[in-house]
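The block underneath contains the structure these notes are about, expressed in structure tokens.
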Amino acid sequence: MAFESYRDFLDHLEREGELIRIPEPVATELEITEISEREMAEPGGGKALLFEKPTVNGRVSPFPVAINTMGSARRMAMVLGKATVDEAAEELGTLMKAKPPMNAGEALRLAGTALNLRHVKPGKVSKGACKDVVIRMDHPEKSIPSDESGPTGLPTLLNLPILQCWPQDGGRFITLPCVVTQDPDNGDVNLGMYRIQILDSTTTGMHWQLQKVAARHGRRYYETGTRMPVAIFLGGDPVYPFSATAPLPDGLNEFLLAGFLRKKSVPMVKCETSDLLVPANADFVIEGYVDPTEALIDEGPFGDHTGFYTPVDKYPAFHVTAITHRRDAVYPATIVGKPPKEDFYMGTASVKLFMPIFQMNFPEIVDIALPAEGVFHNLVFVSIRKTYPYQAYKIMYGLWGMGQMMFTKYIVVVDSDVDVHNTSDVLFRWMSNTDPSRDIIITRGPADVLDHATPQVGHGSKMGIDATSKLPSEGHPRPWPPIIEMDDSVRDRMDDLWNRIRNRGER
């Protein structure tokens, strides 16, 4: 299901009973975070929130703030246009596993898949709602002002309803930005998500970490000393920020994924001050550049998804040349911190959606889970169908070599009968099936620069735990005992009796 604006998505959430409107003025400084965190702590992630009168420095903004819109399994499925995230994953898996048809029925199914792919490629358009209002910093005479003079005046970075999330944050941060960059050598486009710290009315920090694709693009501009165009957009179809966080291979355009998921080509329009393309149906677009001849600037601190503040570090400055927006724009935001938060549901959906790709590389994988306590990649549980010695170690090293899985500090591998989404079940097998000297490996590799526990920024140690049942050839000559389970026949016979007992108890 394609949404043509964030407001369109919010209307859908409201019809489905998934949205709470907050008409009272609430400050973008800390107060929205406090209310949002309370809602996110509700069972299943709570509801989406729409703050209709967010205040910026005490003045009501004309732009409402939406938050926690993807903060549940149900809402995440709505973003993907399916009843469940599993259904979306199954569809992508079918595409990944497509083979030449052997009969008429298979040919028809393959033709259906081809029809789904016709919308994958983005389409360029000449205009879009994201340019209803145009504010040019470089050439003010080219601006297109709003028909309505809002109480905050013309939009700048200082009067947009950008949140200060936590007390010790270094200021206001755009927390759900879609950042568009382009490889200067081959023209490949990347859509990423990197926090944006507001420094003044036309300057921000650009927090692309050293392992990110945009940082690689940036290094090429730094080598040549040429100005790097960058575009940041917010809103539009909520599948855009989800695609920006998806673990796609370097060089694969995230807008292709967005088009596939929304079953409709992403309409792209050229920026006002650069040749970069952005979705024509975005709510806000912030255009600008990074100047490689400038010194890096202090960025941070920021209360991050790790649950801790990340300290001040050096990052590029981003200079704004234009801000454009829809007339009815909604400002989308999120908060991160001690889990679970909205990002937990986004990350869980990514893992499910890309499970078929993991399984193409590792067919023995049954399931993967990233527990909330592991703040994404710190802790990974993976179940496998084990058929040969030391297979668990193959999986550990393989996953550490796949994209952002390189940041995973702890990988626990269990047998196929273990529900990796049940942390208690995984811990039981971990404690029961391991001998520390034999079943634990420690290695080194890249680390998340946000990880405050590593001795050096960007690299540290990792641990792999083989919690599978052991084979004699893995150094365990003793017979491996079976786990205690009741016979299926007895369980089936007692089902009816147990239901009668429970019904009597309820009376």
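Taking region 245-281, which residues are among the aliphatic types (A, V, I, L, M), outside any loop (DSSP other than H, G, I, E, B) and out of contact with any Phe, Trp or Tyr (no Cβ under 9 Å at 6 or more places or on another chain)?
Of region 245-281, the ones among the aliphatic types (A, V, I, L, M) are 246, 248, 252, 256-258, 261, 266, 268-269, 276-278, 280.
In the following step, the residues that additionally are outside any loop (DSSP other than H, G, I, E, B) were identified as 256-258, 261, 268-269, 277-278.
256, 269 - these are the residues of region 245-281 that are among the aliphatic types (A, V, I, L, M), outside any loop (DSSP other than H, G, I, E, B) and out of contact with any Phe, Trp or Tyr (no Cβ under 9 Å at 6 or more places or on another chain).
Looking at 336, 330 in this structure, which one is over 22 Å from residue 122 (Cβ atoms) and over 19 Å from the mean Cα position of the chain (by Cα)? Give the steps one after another, and end with the answer.
Values: 336 fails: over 19 Å from the mean Cα position of the chain (by Cα).
Of the residues listed, the single one that is over 22 Å from residue 122 (Cβ atoms) and over 19 Å from the mean Cα position of the chain (by Cα) is 330.
If residue 446 meets every condition in (1) buried (at least 17 other Cβ atoms within 10 Å of the Cβ); (2) closer than 14 Å to residue 410 by Cα; (3) touching a residue at least 60 places away in the same chain (Cβ under 8 Å) apart from one, which number is that one?
Result: residue 446 passes all but (1).
Restricting the search to region 271-297, which residues are among the charged types (D, E, K, R) and more than 22 Å from the chain's Cα centre (by Cα)?
272, 275, 287, 291, 294
For region 251-272, does any single residue satisfy the condition of being within 23 Å of residue 92 (Cβ to Cβ) and β-branched (Val, Ile, Thr)?
For region 251-272, residues within 23 Å of residue 92 (Cβ to Cβ) and β-branched (Val, Ile, Thr): present.
Could you please find all residues in region 315-361 being aromatic (Phe, Trp, Tyr) and modelled with pLDDT under 90?
First, the residues of region 315-361 that are aromatic (Phe, Trp, Tyr): 315, 318, 331, 344-345, 354, 358.
Result: 354, 358.
Determine if region 191-203 includes at least one residue that is at pLDDT 95 or above, at negative phi, over 18 Å from the mean Cα position of the chain (by Cα) and surrounded by 23 or more Cβ atoms within 10 Å (Cβ to Cβ).
Yes, region 191-203 has at least one match.
Restricting the search to region 184-231, which residues are in contact (Cβ under 8 Å) with a residue 24 or more places away in the chain, part of a loop (DSSP other than H, G, I, E, B) and under 25 Å from residue 283 (Cα atoms)?
188, 193, 195, 201, 202, 207, 208
Do we find a residue being over 16 Å from residue 354 (Cα atoms), touching a residue at least 40 places away in the same chain (Cβ under 8 Å) and in contact with a Pro (Cβ under 6 Å, 6 or more places away or on another chain) anywhere in region 38-47?
no
Given the conditions (1) surrounded by fewer than 21 Cβ atoms within 10 Å (Cβ to Cβ); (2) touching a Gly at 6+ places or on another chain (Cβ under 8 Å); (3) more than 22 Å from residue 305 (Cα to Cα), which single one is not true for residue 396?
Going through (1) surrounded by fewer than 21 Cβ atoms within 10 Å (Cβ to Cβ); (2) touching a Gly at 6+ places or on another chain (Cβ under 8 Å); (3) more than 22 Å from residue 305 (Cα to Cα) one by one, residue 396 breaks only (1).
Could you run through region 60-99 and say how many residues are among the basic types (Lys, Arg) and modelled with pLDDT of 95 or more?
Counting residues in region 60-99 that are among the basic types (Lys, Arg) and modelled with pLDDT of 95 or more gives 2.
Please count how many residues of region 361-372 are closer than 12 Å to residue 421 by Cα and not in a strand (DSSP E or B).
Within region 361-372, residues that are closer than 12 Å to residue 421 by Cα and not in a strand (DSSP E or B) number 3.
Need at least 1 residues that are modelled with pLDDT of 95 or more, aliphatic (A, V, I, L, M) and closer than 30 Å to residue 251 by Cα per element, so show me which helices (runs of 4 or more DSSP H) inside region 379-484 make the cut, counting only ones lying wholly within it.
Details: elements: 391-400, 423-433, 436-439.
Filter on region 379-484 gives 391-400.
Could you check how many residues of region 19-58 are under 20 Å from residue 325 (Cα atoms) and either aliphatic (A, V, I, L, M) or at pLDDT below 95 (or both)?
2
Quickly run through region 270-305 and pick out the residues that are of a type outside the set (A, V, I, L, M) and within 16 Å of residue 170 (Cβ to Cβ).
298, 299, 300, 301, 302, 303, 304
Looking for something closer than 24 Å to residue 308 by Cβ, of a type outside the set (A, V, I, L, M, F, W, C) and touching a Leu at 6+ places or on another chain (Cβ under 8 Å) - is there at least one such residue anywhere in region 439-458?
Scanning region 439-458, I find at least one residue that is closer than 24 Å to residue 308 by Cβ, of a type outside the set (A, V, I, L, M, F, W, C) and touching a Leu at 6+ places or on another chain (Cβ under 8 Å), so the answer is yes.
Output yes when any residue across region 306-314 is modelled with pLDDT under 95, within 24 Å of residue 261 (Cβ to Cβ) and surrounded by 20 or more Cβ atoms within 10 Å (Cβ to Cβ), and no when none is.
No, the conditions are met nowhere in region 306-314.
Considering (1) surrounded by 14 or more Cβ atoms within 10 Å (Cβ to Cβ); (2) in a helix (DSSP H, G or I), say which one residue 1 fails and leave the rest.
Unmet condition: (2).
Please verify whether residue 287 is outside any loop (DSSP other than H, G, I, E, B) and either outside the structural domain of residue 161 (by TED's automatic domain parsing) or not aliphatic (A, V, I, L, M) (or both), treating the condition exactly as stated.
yes
The values are calculated or read from the model by the stated rules, or taken from the named source; none is laboratory data. Everything quoted here is computed from the prediction, not taken from an experiment. Cβ atoms come from the backbone with ideal geometry, glycine included; neighbour counts cover every protein chain shown.
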